[in-house]
Amino acid sequence: MPQFSFERQFAQLEAARYRFNPGDSRQVEKLLRALDKTLFPDAVSLIRFHEALMFLRAFPHSPAVLRTTERILNYFHEKVEALRESGADSDAFDPLEVSGIAGTQMEDTLSFDVARWLVHRLPGQVEIAWENYEPGRELGTTGPRFMPLLEDDAFVEADTPFRRWLETASHGGGKKKPAESSRLPLWLIDRFDRLPLPPLQKAELYESLRIPLRWNLANSRLTRTRNWRPVTKAFYHEGPLISRSQVSLADELAKRPPSFTRLSLKEGERIADMIREVMLVRYRELYGTTLADPRSVVRADLGKDAVGRGVDIYLWNLPPDRRLPLRAYVAGFTLKNGVPINYIEAIGLCEWMEVGFNTFYTFRGGEAGWIYAQVLRCLCAWMGATVVSVYPYQLGHDNDEAIESGAFWFYRKLGFRPGRADLRALVEREEKKIAADPKYRTPARTLKRLAAGHVFYEVLENEVLETKVPQVRAPHLGPNLGPRCEIGPWDTFSTRNIGLRVNQRMAREFGGDADRMRKHARRALERIVGMKTGSVSTSSWSPLEREAFDNFALVLTQVPELRSWNRQEKADLIRIIRAKAKPHEMLYLHRTQRHGRLRRALLKLGS
């Protein structure tokens, strides 16, 4: 195909993917077939074709467009291989914005949990990137746990051949076969996994080594190119996409709340594996995606009002042994016609939650505002939240990408307000400039100032939140929740403030000794709530329940009025603490919403 014709057809396809008028489907299908036969001149143009295909797979015009995109994507690795064989530069495939394409290679220093998952997910396909790794003293102090007599070399010699030690211990050393070099990561990670230590300590030891791993994606299903779930009924777009200006967050939240279906353990494990795949190939790790609890996965039913539009939202919690001390954690992602298009994070306490929402680069032109509103519908219903907070990074604090996209205005136009008075005044000045001059654009330096603090959205009285979750038996959210239209009590709250207060007291009263402080706080809380000294550690409480008790003791022994709580309030507090270790963490969160005095105490400590 002549270069001019290629560029013209390419531009037509990129424009047509966002148009859904009569006749557009045929044009898109024709362009796809023509470009599929093209020998792409460089990696950049091939990547652009890949991203257009991915968007069309998620937002297809018709069954024919869906079938054609799937066929091209299933064999896309051949185009990458042909380009590489032509001698073209392949560096353009490396940036995280476009990583994970079939036929490419990836390299990253992973957390222990992800590395362990990867070596078992791709057996024999993961190796250590030795040219970027020179093991030293850290392996000399950790390695003796699984390499006998290493101390005799590592502790006293300056030239310990750590690679030779590892290769000899894993497969005998000598002349390596290709299969043996890929055996080493699995052997090494299994050694750490078998150590008689708690999970966090295993992770701490492994991650101290900072080992870069490399793996070939080939034509695997975990590539971005082919990582979608089959759908029984696809949604085809026959009209314009929903723009952000058409979305009213208040109207969406006022609709009937979504219902939730808990998945089977087997299906939950599939979803947990899928989100790890989704994040891995994008060079991302998130606490709740790495440690998704397959027993907690639910699928949201958005209801007829949402029309569906091919959207499936999945949410889950952390396993009991990896939860946060105070806040409850929810993670999730959205599939559009089976294609992952974003990831979700929400961390809550009482009726407040902080939300992180990231739409993947490829899909940012596709109804992001409407889908964000559906995500908030799900999170507010699932978590019982009435105050939604967005952290500064999402707005652009230390995040150039968010500044370039004007992320602050995305949230502002949905109804979010800054929590800081100075930023509210700045917003008002900017909005007057915009109203006076439609061509005015907020400069980057001002966007950075606006991104310096959290923004908030309070759910009003008429925005219904109560929900029933099959098989979860979450408590009904009753009137003790507090005023739903109250503005501002969470504006200056942060659990970091609580943690720093605890550490200030540790330094001041306990000489920086955490163990001594924990014992003192445990005994003090036992006395206050009427438990016999030592009863928590000797009763039927599980280790996780005792850990939760200790964490709350560190916090609540700084609340002078705790002694004046009545018997019922103290009994309810014990139920909240024990719920932190229960299988379903939302039980814990919902109970914090019904304890008014606990809520006020936490707010005071964290504000």
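Normalised by the number of residues in region 495-606, what is the relative contact order in percent for Cα pairs under 8 Å and 6+ residues apart? Walk me through the intermediate numbers first.
Values: 81 pairs, mean separation 31.5, N = 112.
It comes to 28 percent, rounded to a whole number.
Starting from the Cα of Lys432, draw a straight line to each of the aspartates and glutamates and keep only those under 18 Å, dropping any in the same chain fewer than 8 residues away.
Lys432 reaches Asp422.
Dipole size in debye (nearest 20) for region 495-606 around its Cα centre, Lys and Arg Cβ +1, Asp and Glu Cβ -1?
280
Report the one residue of Tyr588, Ala34, Phe93 whose Cα lies farthest in the direction of the positive end of the charge dipole of the chain (charges on C-beta: Lys and Arg +1, Asp and Glu -1; origin at the Cα centre).
The residue sitting farthest along the positive end of the dipole is Tyr588.
Looking at this model, which pairs from Lys79/Lys233; Lys336/Lys433; Lys255/Lys582; Lys202/Lys582 are more than 27 angstrom apart at the alpha-carbon?
As for pairs spanning more than 27 Å Cα to Cα, those are Lys79/Lys233; Lys336/Lys433; Lys255/Lys582.
Order of 214-227, 240-253 by packing, highest average Cβ count within 10 Å first?
Those peptides, ordered most packed to least, come out 214-227, 240-253.
If we count every other residue with Cβ under 12 angstrom of Phe493's Cβ, Lys/Arg +1 and Asp/Glu -1, where does the sum land?
Summing Lys/Arg as +1 and Asp/Glu as -1 gives +2.
Nearest 20 debye, what's the magnitude of the dipole of the chain about its Cα centre given +1 on Lys and Arg Cβ and -1 on Asp and Glu Cβ?
So the dipole magnitude of the chain works out to roughly 2120 debye.
For the residue pair Asp94 and Ala254, what label-to-label distance in nm results when each label sits 7 Å from Cα along the Cα-to-beta-carbon direction?
The answer from the label model is 5.3 nm.
What's the extension gain from Ala64 to Glu78 if we count 0.36 nm per residue and subtract their Cα-Cα distance?
2.8 nm
Of the listed values (1) 29.0, 86; (2) 26.9, 85; (3) 28.0, 93, identify the label whose number matches Rg and Dmax of the Cα atoms in Å calculated from this model.
It is the one labelled (2).
Roughly how many whole Å is it from the C-alpha centroid of region 266-310 to that of region 397-428?
28
Based on the mean of other beta carbon atoms within 10 Å per residue, what is the order of 581-592, 429-440, most packed first?
581-592, 429-440
Once amide H atoms are built 1.01 Å from N in the peptide plane, which residues 5 or more positions from Thr109, or in another chain, come under 5 Å H to H?
Here Leu213 satisfy the definition.
Can you tally the net charge around Leu31? Count Lys and Arg as +1, Asp and Glu as -1, for every other residue whose Cβ sits under 14 Å from the Cβ of Leu31.
+3
Can you give the local net charge around Asp190? Use residues other than it whose beta-carbon is closer than 12 angstrom to its beta-carbon, Lys and Arg +1, Asp and Glu -1.
Here the count lands on +4.
Using Cα pairs under 8 angstrom and six or more residues apart, how large is the relative contact order of region 105-216, in percent?
Taking the mean separation of contacting Cα pairs over the length of region 105-216, I get 52 percent.
Near Lys519, which aspartates and glutamates are there with a Cα under 15 Å away, not counting those fewer than 8 places off in the same chain?
Glu509, Glu547, Asp550
Quick note: the coordinates plus some simple rules give every number you see, no bench work behind them. Predicted model, so just to flag it, every value in this text is computed and none were measured. When we count neighbours, we look across all protein chains shown, and the Cβ atoms used for this are built from the backbone with ideal geometry, even at glycine.
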